[in-house]
Every structure is written in structure tokens, then in C-alpha cells.
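Sharing a structure below in C-alpha cells format, with a few things to ask.
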Amino acid sequence: MLVIPESIIADLVSPADAYDAVAATFAAMARGQAYNFPVVREALGEGRQYGFKSGLDRAGGMLGVKAGGYFPANMGRGITNHQSTVYLFDPDSGRPTAMVGGNLLTALRTAAASALSIDRLARADARVLGIVGAGHQAGFQLRAAARVRQWERVIGWNLHPEMLPKLAATAAELGLPFEAVPLDRMVEADAIITITSSPAASLMAAHVGAGTHLACMGTDTKGKQEVDPALVAKARLFTDEVAQSVTIGEAQHAIAAGTVREGDITPLGAVLTGAHPGRGSADEITLFDGTGVGLQDLAVAAVAVARARERGLGVEVEV
Ligand code: NAD
């Protein structure tokens, strides 16, 4: 099996690669050629979370699992709090084929899903991008979104405003004007990405204008929440995977309140394959509930493996 260390992932997989790989995966899911296995996520105590996301893509020949989680004490050790590794297996024999550092890949595949939703669901004339959140993932989200529309400016809000200058610096690198705003000014945005670890809604219905696209990316666990359930109830809903959306995604709260039904949520893959038209009108609110599926991880890890093999990188080991 090929071992690919975290340190060389940035040289192997670009945001464009991640975008293409995630698009292919979502389309394969919509065609019934690929499916995710149930997510396992456990609290280990002291704030630590550990879990597995896995799946099989028959079309892409991918079987595997991402193992990882959140380890808050890592900051004090000088390493990142989010730790993950992707393991790929031969779907025919079950033999392990690769072990790939999954930290950067997670950020790339998450940002790719959000950008894909913006590309396919935001209005073509979207010019103002809003970002709620300014943590580790936020910069990746901004970079990926910058690839799919000609933004004129970016507005940002974060519960902890001292984190916003880092996001502003990313916007500056992309040549985009950035302004820190109060939440009620998010109404100026044509697309809004939410990427926080919030346990309660920050973005309320009154903060979002008609015709806006929302990419809700932070809620990936039971109990997290970024968006007013009333906003979820009035939006046209899309997701990476319906089973995850209703249990661990942003829709979990509206489902529990009975204001949204599972049948109201469309997989983004169905838009990619042309089975669903996507946005219905210029003034409806569209919402992508990005919960993060195992197949996204396998797809970007497979790109890393292919590139590493082409270039003779990584370390081959017998197992
Ligand atoms: P981070 O720890 O670097 O940043 C956390 C962010 O949440 C910061 O902006 C912080 O200010 C904000 N925040 C914290 N508590 C809050 C509260 N009570 N109300 C509002 N905002 C609050 O985390 P990150 O790596 O940037 O990840 C952000 C979220 O995205 C996490 O919930 C993470 O689990 C999730 N995530 C989702 C996917 C996916 O595929 N959907 C993938 C990776 C990460």
C-alpha cells in the first residue's frame, strides 16, 4: 500500500482537482453507483470527538474510510485540532491500497462541495459573498467560492471578531474587498457560506434576502446549528446526502420541528446529472446542507494517490 504523508498533499491535489472529484462523486451517488455507509461518531471525553466516514463508489472503483476527529488539546501541542487519515481498499479484494493524510483533503473537499452548490444553485448574477465563520475552514471556503463566480466584494461575520482579519487577508490575496459586518447586513449577500461550530442558530431569516443561496457547511453533528429553522423551512433544500442531512446536518432541527420532511430535500448530485432543475426562480432562497460524506474523502484521496503514483511520490509498504 502507498503511504502519502500530509506534508505533500498540497502539491498533489488542487482546489480544482477537489471540485472535479467531488462533482463526479455526487453525480455517482445520484445515479446509485456510489453510496455512503452510516457515520460513526463518538465522544471520547475532554471534548475529543472521533469517528469514521466510509463508502463504496462502484463507478470510481473506490472503497474506503476516513478515520479522524477533533482533539482540542492539540493546539497546546502545536498540531492542528482536526486530525484525519483516509484509508483506501481494493473493492474487489479488500486489500489496503493507500493510507493518505486527510487534514488538508478534508478542507479541500468541504470547500469544493460548497463551491459546487454555489456554482449550480446561486443566481448567475451573484456578486456579493457573505461568510459566517472565520475558523480554519473559512479561508478554504472563500478560495473555492472565488473560483465559481465573479464576486465584487465579500462581507464577513464571526462570533469572535478577532478571527476576521485572517479571513480578510485571504480575501485580499484573492483581490476581493472585504468588510466585517453585523449579521443583519448579511441581507446584502447573494450567497452566504456558514462555516462555524455553533450549537445554536446565528443566521436568522431576517438576515437573508430573497434570491440568496446558502451553503451551510458547519453543521455535521447532532446538536450543531447555524441557521434559523424558519429559514430552512422556507428555502428550497439541497444536500450532499439526505440521510445525513436529516440526522446530523442543518436540516435536523427543522425535521425535528416537523416543518421540513425528508422528501423536501434534494441531493445536489441530482442537479449535476440533470435529474433536478435546481433553483426554481430568481427570488427563491436555496440552501445546500453540506454534511460531509465519506465518498468525498475517498474521491480526493484517490486523486492524491493517482498523482503520487505518476510522480513516484509516497512510500510503498507491504501490509
Ligand atoms: P474552527 O474551530 O477553526 O472554527 C470554529 C468557528 O466557529 C469559528 O469561526 C468560531 O468563531 C465559530 N464559533 C465557535 N462557537 C460559536 C458559537 N457558539 N456561535 C457561532 N460561531 C461559533 O473550526 P473549522 O475547522 O473552521 O470548522 C468549522 C465547522 O465546520 C465545524 O463545526 C466543523 O466540524 C465543520 N466541518 C464540516 C465539514 C463538512 O463536510 N460539512 C467538514 C469540516 C469541518
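Quick one: 3J(HN,Hα) in Hz for segment 32-48, Karplus 6.51/-1.76/1.60 with θ = phi - 60°, rounded, Gly and Pro as x.
x, 8, 9, 8, 9, 8, x, 6, 10, 9, 10, 7, 9, x, 6, x, 7
What are the lysines whose alpha-carbon lies under 28 Å from the alpha-carbon of Lys222, with same-chain residues fewer than 8 places away excluded?
Straight-distance partners of Lys222: Lys53, Lys66, Lys234.
Here's something else I'd like to know. If you count only protein heavy atoms with a 1.4 Å probe, what accessible area per residue comes out for the chain, rounded to a whole Å²?
On a per-residue basis, the chain sits at 42 Å².
Moving on to the next point. Could you put Met186, Met204, Met75 in order of accessible surface area, largest first, with the 1.4 Å probe and the full protein assembly present?
Met75, Met204, Met186
Springs between alpha-carbon pairs under 10 angstrom, Gaussian network model over the chain: which of Glu42, Glu250, Glu188 fluctuates most?
Glu42
Still on this model: Report, please, the projected area of the chain averaged over directions, based on the convex hull of its C-alpha atoms, in nm².
Directional mean of the projected Cα hull area for the chain stands at 16.0 nm².
Can you give me the three principal axis dimensions of segment 215-319 from its C-alpha atoms, in Å, biggest first?
Extents along the principal axes: 53, 32, 19 Å.
Which residues' amide hydrogens lie under 5 Å from the amide hydrogen of Ser197, considering only partners 5 or more residues apart or on another chain, with H built in the peptide plane?
Here the answer is none, since no amide H 5 or more places off falls under 5 Å of that of Ser197.
Out of the total accessible area of segment 1-48 (probe 1.4 Å, heavy atoms of protein only), what percent is carbon and sulfur?
56
Measure off 7 Å from each Cα along the Cα-to-Cβ vector at Ala169 and Val40, then give the distance between these two points in nanometres to one decimal.
Output for this residue pair reads 3.9 nm.
To continue, here is another question. How big is the Cα convex hull of segment 118-292 in projection, averaged over all directions, in nm²?
Value for segment 118-292: 8.8 nm².
Something else: Using a 1.4 angstrom probe with every protein chain in place, what is the largest-first accessible-area order of Lys66, Lys234, Lys222?
Accessible-area ranking of Lys66, Lys234, Lys222, largest first: Lys222, Lys234, Lys66.
If I model a spin label at Arg95 and Val3 as a point 7 Å from the Cα along the Cα→Cβ vector, what separation in nanometres do I get?
Simple spin-label model gives 1.9 nm for this pair.
Shifting gears a bit: Please turn the phi angles of segment 56-63 into ³J(HN,Hα) values with the Karplus equation 6.51 cos²θ - 1.76 cosθ + 1.60 (θ = phi - 60°), one per residue in order, whole Hz, x for glycine and proline.
In residue order, the calculated couplings are 10, 10, 5, 5, x, x, 10, 9 Hz.
Let me ask something else. Using a ≥ b ≥ c from the Cα gyration tensor of segment 1-137 (square roots of the eigenvalues), is it rounded, prolate or oblate, where a/c under 1.5 gives rounded and otherwise the larger of a/b and b/c decides, a/b for prolate?
Verdict is oblate for segment 1-137.
Please work out how much accessible surface Trp157 shows to a 1.4 Å probe, ignoring ligands, DNA and RNA, in Å² rounded to 10.
About 50 Å², rounded to the nearest 10.
Right, next: Helix-only mean residue ellipticity at 222 nm, the chain, DSSP H runs n ≥ 4 weighted -39,500 (n - 2.57), per residue, nearest 500. What is it?
For the chain, the value works out to -9500 deg cm²/dmol.
Counting only protein heavy atoms and using a 1.4 Å probe, what share of the accessible area of segment 118-292 belongs to carbon plus sulfur, as a whole percent?
That fraction is 54 percent.
Additional query: At Gln49 and Glu152, where each label point lies 7 Å from the Cα along Cα→Cβ, what is the point-to-point distance in nanometres?
With each label placed 7 Å out from Cα toward Cβ, I get 3.7 nm.
What figure in square angstrom, to the nearest 10, would you give for the accessible area of Tyr70 with a 1.4 Å probe?
Around 80 Å² of this residue is reachable by solvent.
To one decimal place, what Kirkwood hydrodynamic radius in Å is obtained for segment 98-180 from all pairs of distinct Cα atoms?
In segment 98-180 this quantity evaluates to 13.2 Å.
Then there's this: Relative contact order of segment 219-319: what whole-number percent is it, with Cα pairs under 8 angstrom and at least 6 residues apart?
Reported relative contact order: 33 percent.
Moving on. Taking the Cβ-Cβ separation of Leu183 and Ser14 as r and a Förster radius of 35 Å, what is the calculated FRET efficiency to the nearest 0.05?
E(calc), rounded to 0.05, equals 0.60.
Let me ask another. In whole Hz, with x marking every Gly and Pro, tabulate ³J(HN,Hα) for segment 306-317 from phi via Karplus 6.51 cos²θ - 1.76 cosθ + 1.60, θ = phi - 60°.
4, 5, 5, 5, 4, 9, x, 9, x, 10, 7, 10
The values are calculated or read from the model by the stated rules, or taken from the named source; none is laboratory data. Remember, predicted model here, so these are calculated numbers, not experimental data. All Cβ positions, glycine included, derive from the backbone under ideal geometry; neighbour counts span all protein chains shown. These accessible areas exclude ligands, DNA and RNA; they are computed on the full protein's heavy atoms, side chains included. Shrake-Rupley method; radii C 1.70, N 1.55, O 1.52, S 1.80 Å.
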